[in-house]
Every structure is written in structure tokens, then in C-alpha cells.
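These notes are about the structure you will find just below.
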Amino acid sequence: IFMHNMWPLLSLLPPCLLEKINLVFTFGQSATEVIFTTLDEKVYSLGTNTSGCLGVGDNSSSLEPRLLESFSGQKIISLSAGSGPHVLVLTQDGGVYSWGHNSYMQLGNGGTSPGTSPSLLSRNISNKVVQIACGSHHSMALTTEGEVYTWGYNNCGQIGSGSTANQGSPRKVTACIGNKRIIDITCGQTTSLCVTDSGEVYSWGYNGNGQLGVGNNVNQTNPCRVAALQGVVIAQVVCGYAHALALTDNGVVFGWGANSYGQLGSGNKANTCTPLQVATRIGRVVCLAATHYSHSSAARNQSGHIYMWGQLRQQATPEPKPTNFTDLNAVFAGFSSPPVSWRAMIVTSEVEPSVQQSVSRAFNDETSADLKILVEGKHILVHKSILKIRCEYFKRMFQSHWDENNQDVIEITGYNYPVVYSFLRWLYTDQVELPTEDIIGSLLDLATSYCENGLKHQCQKLIKESIVVENAALLYAAAIKYNAKELQDFCFQFCLNHMTKVVQTESFKLLDKEVLYELVLEASKHGAFKR
């Protein structure tokens with residue numbers, strides 16, 4: 001993806017700056033505002049500077065990048081913006097900054113004057129912030145403790161305070177969700193949604209199009225549980241202008257709200273105030289995308305393919321359409337109105353070829369390889385220097401006093417050819433392409449044996465994305481076997497969420513006695529067997 005093709009403002013940057021870009025975020029009613037960070041942790045902005053939203057201390061527009069000096073030395077990890085626009089920024093240490101439009105107190109500083117420079121907000125929030133979200137003129141923040149804070153415009157109850165009075169500073173949302181741990185937040189234009197750690201969805205605010213999913217069109221000033229999603233475990237929610245999408249922990253998509261452009265992906269244009277299963281033909285989904293600026297929707301499935309639906313360049317598209325994009329942001333840059341960012345996009349250098357590309361192309365290349373790996377009678381062509389740099393196991397192997405250092409062919413036994421090929425290819429590309437059963441059964445074992453924590457982490461990520469009721473117990477056992485604590489906790493939570501079905505599967509029946517006892521004991525501690 002070439003950034004300046006996605007967002008023309010970036011074509012004005014000098015190449016020396018363009019190649020240093022780390023994050024890019026485009027926003028505003030006409031997508032005329034850009035904020036970007038560089039690899040040396042500097043922050044720049046350019047654009048029309050509506051309401052001082054560029055954060056440079058004035059209201060002057062600029063087609064030249066301007067440095068936001070107040071962020072010097074700080075690493076920005078997330079940005080969000082409203083329609084005014086107002087801007088929220090989250091730093092790596094959990095600091096929340098705001099600036100821009102403030103007529104409805106959406107900056108959270110207690111006043112209504114526009115903010116042309118970044119102002120630190122987290123002093124009003126008790127714990128470290130891990131996620132931020134902006135609606136049209138209101139704001140949300142999520143802390144490490146699962147607390148939700150809101151502030152700003154509240155004409156429809158989107159602050160969740162029980163009233164419709166605007167709120168000038170961040171306050172914790174306590175009604176209905178005060179004792180629950182929240183893991184995800186999102187904003188529509190004048191709505192707010194969140195997901196609990198047990199997979200429940202709560203919504204509040206404007207409901208004229210049914211975008212709260214509660215079965216009616218009545219606004220809610222306090223969080224209200226989306227009861228129709230009972231029986232499924234939601235992992236992610238996103239909001240468009242007046243619709244919402246939710247993703248279950250096993251890759252199924254539900255949608256509700258406005259649908260005049262087909263933005264629900266239901267195949268028709270009928271609004272619904274109750275969640276419907278949608279986007280049913282695109283396989284297991286691992287990530288959803290939508291923005292309160294538009295009526296567009298997008299998703300990435302387990303195979304990495306990206307689909308889009310809704311209002312696409314003013315065309316109503318009610319059925320998910322496959323694309324050749326590799327980043328969800330490309331859908332919104334190319335087809336939504338306005339062409340804003342979905343989230344801040346992580347960028348790599350556009351130099352061709354990059355070091356990464358050159359190394360990737362060298363894998364199994366007979367013109368440059370200096371070593372053959374023999375597996376099951378087949379050769380894989382590699383480079384000693386790359387193997388030594390990338391893998392501690394090979395670094396030790398190729399020491400001068402070891403016989404292998406002087407050999408042109410080295411045989412690897414104990415693993416089949418596809419697994420070793422995938423492992424070696426990962427050393428060159430950081431990518432794993434292997435069926436889930438081989439990842440569980442062999443590649444994770446190889447990664448553990450070779451102490452390759454990066455590959456182990458990648459295996460765990462792919463396993464998480466493939467978990468279903470039928471294999472959950474098997475994956476739980478594998479996580480224990482390979483001492484993958486994070487994966488074990490993830491699989492346990494999935495089993496807990498679907499315990500009745502999991503205990504009826506073949507993989508559960510095949511569990512080792514000790515693993516079975518551990519699973520049942522932990523589940524009982526979490527209340528799985530309460531009557």
C-alpha cells in the first residue's frame with residue numbers, strides 16, 4: 001500500500017520524511033486533516049486545521065508538516081477523532097491528550113473553549129488508559145482495570161450518566177457496567193458501546209435507527225445490555241455512523257442499526273433494532289472495522305482476505321465484496337465518504353526493495369544460498385548468516401569447532417518437511433503458512449524446542465484465531481504441554497464461555513486425566529457449575 005495513493009496529502013511530504021513515517025491518521029469531515037508519527041518518535045500534522053485540530057497552537061492551515069513539540073520523546077500508540085473535529089491521543093505510558101473542537105466539552109478539560117494545543121487528561125482518570133474512542137462530539141476511554149470513562153456531548157445519553165446533561169470532564173460509567181470488566185469500547189455518532197470480559201455487549205445513547213440493538217428505537221441514558229446476543233461471546237464491537245457490528249470469539253459477525261446502504265452486510269437494506277447474523281459467506285472473521293464518520297464496513301477473515309460493504313463510493317453494497325487490499329484502512333481511504341482512517345495505520349518504509357523484502361526473497365533461492373537443509377529427502381536452500389542472526393539454535397550450531405559449520409548439507413529429523421519449511425521460511429519472513437493442526441502438533445513443538453519465542457508467539461496468535469468449540473479442549477491441552485501460559489488462559493476462558501458444548505466434544509473426551517482435572521477444577525472456581 002502506498003500511503004500517498006491512499007491519502008493525497010502525504011504526497012506533499014519530502015521522501016526523507018515519508019520513509020520515516022510510523023503511524024498515519026487521517027480525519028475530519030472531508031478527510032483534510034492528517035497527523036503522523038515518525039520512527040524517531042516525532043509527531044507532525046498538516047491540513048486545514050479546522051477548530052485547531054492539528055494541535056500546533058493556532059488555527060492556521062498548512063500543507064507543510066508542522067511539528068507538535070509537546071510530544072517530543074513520547075511514543076503515540078493510538079489516535080481517535082470526532083466530527084468537530086476534536087482529537088484524542090493515547091501514549092504508550094497511558095497518557096491521554098485532547099485538543100480541537102470543544103463546544104460540547106468533548107476535550108474533557110471542564111470548559112468549552114477550543115484547544116489548539118495538546119492537553120493532558122489522564123490526571124482525571126484513576127488508572128492507566130489502554131483504549132480511546134471518539135463519537136461525533138463525545139469521548140471515551142478504557143483503563144487497564146476495565147473501567148469506562150466518558151465526557152462531552154450528551155444530548156441523547158451517549159455519556160451513559162443517566163441524564164442528558166453535557167459532561168465537562170471524564171467520569172466513570174457506573175450504571176449497569178460499574179462492577180464489570182470492560183475489554184473493548186467504540187463510538188457511533190451519538191452512541192457508545194462496550195464489551196465485557198465475559199462477552200456481553202452494552203450500549204447507550206441515540207437509538208433512532210436501532211443502533212443500540214436493544215429491540216426498540218428508544219434512546220438510553222444508561223448502559224443497556226444487548227440481550228439478543230445472549231448465548232454468544234462477543235470479542236469486538238465497532239460502530240459506523242448509525243450502525244454497529246459485533247464479532248464473536250469464534251469469528252461470527254452480528255449487525256444492527258441503520259442499513260439503507262447495506263452497511264450491515266445482511267444482503268438487504270432493511271434496518272434492524274435487534275442483532276442479526278451477517279457477512280455469513282466470508283469465512284471466519286478475525287477483525288471488524290467501521291468509523292462513525294461513514295456508512296461503510298469492512299472485515300478481515302482468517303485467511304487474511306479483506307471484504308467491504310455498505311456505502312462504497314456512494315454506491316449501496318449490501319453484500320460483502322472481496323478486495324485485494326492488505327490493510328483495513330485501505331477500504332476507508334479508497335471507498336468511504338469521507339476517506340478517513342479507521343484506526344491509526346502502522347506504516348513501514350516504502351523503499352523498494354526494503355531489507356525485509358530482500359531477505360524474504362532470498363529464502364530457498366539457489367542463486368545465493370550457501371547451505372541445504374535436508375528433510376525427508378528434500379532440500380530447502382538457506383543462508384548460514386541469516387540462520388545465525390535469526391536463530392540462537394543455529395548460531396550455536398555454526399561455531400567453528402562444530403562439524404556442522406563446515407558442512408554444505410545438514411539433515412533435520414523429528415519433524416516433517418512442511419513444518420521445517422514453514423519454520424525456516426518464518427526466519428526469513430516472520431510469516432507462518434501452515435494448517436492449524438500442524439501448528440498445534442509440530443510447529444509449536446519445534447518453536448519450543450529451539451527456544452524461538454517469536455515463532456512461539458506467532459503460533460499462539462494463529463491458534464487463538466482458529467479456536468472453535470470442537471478443538472478448544474485440544475488447544476488447552478497443547479498450551480499446557482508447551483508451557484504457553486497466555487494461550488492456556490485464552491483457551492481456558494473460551495472453554496469457560498462455552499463449557500456445556502465443550503464437554504460434549506471428542507477432544508474433551510481425549511484429554512489426559514491430569515489436564516481434565518485441572519480444567520474442571522479451574523472452571524469450578526470460576527462458577528461454571530453453579531446451579
All helices (runs of 4 or more DSSP H) inside segment 412-519 with 2 or more residues being in contact (Cβ under 8 Å) with a residue 40 or more places away in the chain
417-429, 472-481, 485-497
For a quick check of your reading: which helices (runs of 4 or more DSSP H) sit entirely within segment 319-402 and have at least 3 residues that are of a type outside the set (D, E, K, R), within 30 Å of CYS16 (Cα to Cα) and modelled with pLDDT under 90?
355-362
Hey, does segment 464-476 have a residue that's touching a strand residue (DSSP E or B) at 6+ places or on another chain (Cβ under 9 Å), of a type in the set (Asp, Glu) and either open to solvent by 10 Å² or more (accessible area, probe 1.4 Å) or modelled with pLDDT of 90 or more (or both)?
yes
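Could you pull out every one of the strands (runs of 3 or more DSSP E) wholly within segment 257-312 that has 2 or more residues that are open to solvent by 10 Å² or more (accessible area, probe 1.4 Å), closer than 17 Å to GLN211 by Cα and out of contact with any strand residue (DSSP E or B) (no Cβ under 7 Å at 6 or more places or on another chain)? Spell out how you get there, then give the answer.
Numbers: elements: 272-278, 285-289, 296-301, 306-312.
Per the criteria, no element qualifies.
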Cβ contacts < 9 Å: first residue more than 20 Å from GLY152 (Cα to Cα) and surrounded by fewer than 23 Cβ atoms within 10 Å (Cβ to Cβ), restricted to segment 218-231; second residue at pLDDT 95 or above and polar (S, T, N, Q), any location; separation 6+ or different chain. Result?
VAL218/ASN207; ARG225/SER203; ALA228/THR274; LEU229/THR248
Of all residues making up segment 408-423, the number that are of a type in the set (Ser, Thr, Tyr) and surrounded by fewer than 19 Cβ atoms within 10 Å (Cβ to Cβ):
2
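Just for segment 48-71: of the residues that are in contact with a Lys or Arg (Cβ under 7 Å, 6 or more places away or on another chain) and in a loop (DSSP other than H, G, I, E, B), which one is least open to solvent (accessible area, probe 1.4 Å)? Walk me through it before giving the result.
Applying the first criterion (in contact with a Lys or Arg (Cβ under 7 Å, 6 or more places away or on another chain)) to segment 48-71 yields 54, 56, 67.
Filter once more, so that each one left must be in a loop (DSSP other than H, G, I, E, B): 54, 56.
Numbers: LEU54: 0, VAL56: 32 Å².
In this case the residue turns out to be LEU54.
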Among the residues listed as SER198, SER139, the single one being among the small types (Gly, Ala, Ser), touching a residue at least 12 places away in the same chain (Cβ under 8 Å) and open to solvent by 50 Å² or more (accessible area, probe 1.4 Å):
SER198
Of all residues making up segment 14-47, the number that are in a strand (DSSP E or B), among the small types (Gly, Ala, Ser) and open to solvent by 10 Å² or more (accessible area, probe 1.4 Å):
0
State which residue pairs qualify: first residue in contact (Cβ under 8 Å) with a residue 12 or more places away in the chain and more than 11 Å from ILE132 (Cβ to Cβ) and inside segment 73-94, second residue crowded, with 18+ Cβ neighbours inside 10 Å and among the charged types (D, E, K, R) in any location, beta carbons under 7 Å apart, and separation of 6 or more residues or different chains.
PRO85/GLU33
Considering residues that are of a type outside the set (S, T, N, Q) and surrounded by fewer than 24 Cβ atoms within 10 Å (Cβ to Cβ), the number found within segment 143-152 is 3
Exception for ARG123 within (1) open to solvent by 10 Å² or more (accessible area, probe 1.4 Å); (2) assigned to a loop (DSSP other than H, G, I, E, B) falls at (2)
Go through segment 375-391 and count every residue that is among the aliphatic types (A, V, I, L, M) and open to solvent by 40 Å² or more (accessible area, probe 1.4 Å).
1
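Out of all the residues in segment 96-111, which are open to solvent by 10 Å² or more (accessible area, probe 1.4 Å) and touching a strand residue (DSSP E or B) at 6+ places or on another chain (Cβ under 8 Å)? Can you show your working first?
Just the residues of segment 96-111 that are open to solvent by 10 Å² or more (accessible area, probe 1.4 Å), to begin with: 97, 101, 103-105, 109-111.
Passing the criteria: TYR97, HIS101, TYR104, MET105, ASN109, GLY110, GLY111.
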Breaking point among (1) among the aliphatic types (A, V, I, L, M); (2) in a loop (DSSP other than H, G, I, E, B); (3) open to solvent by 10 Å² or more (accessible area, probe 1.4 Å), for VAL130:
(2)
If GLY82 passes every condition in (1) buried (at least 22 other Cβ atoms within 10 Å of the Cβ); (2) of a type in the set (Gly, Ala, Ser); (3) farther than 19 Å from CYS187 by Cβ but one, which one does it miss?
(3)
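The values are calculated or read from the model by the stated rules, or taken from the named source; none is laboratory data. Computed from a prediction, not measured in an experiment: that's the story for all the values here. Ideal geometry is used to build each Cβ from the backbone, glycine not excepted, and the neighbour counts take in all protein chains shown. Please note that ligands, DNA and RNA were not included when accessible areas were found on the heavy atoms of the full protein model with its side chains. Shrake-Rupley method; radii C 1.70, N 1.55, O 1.52, S 1.80 Å.
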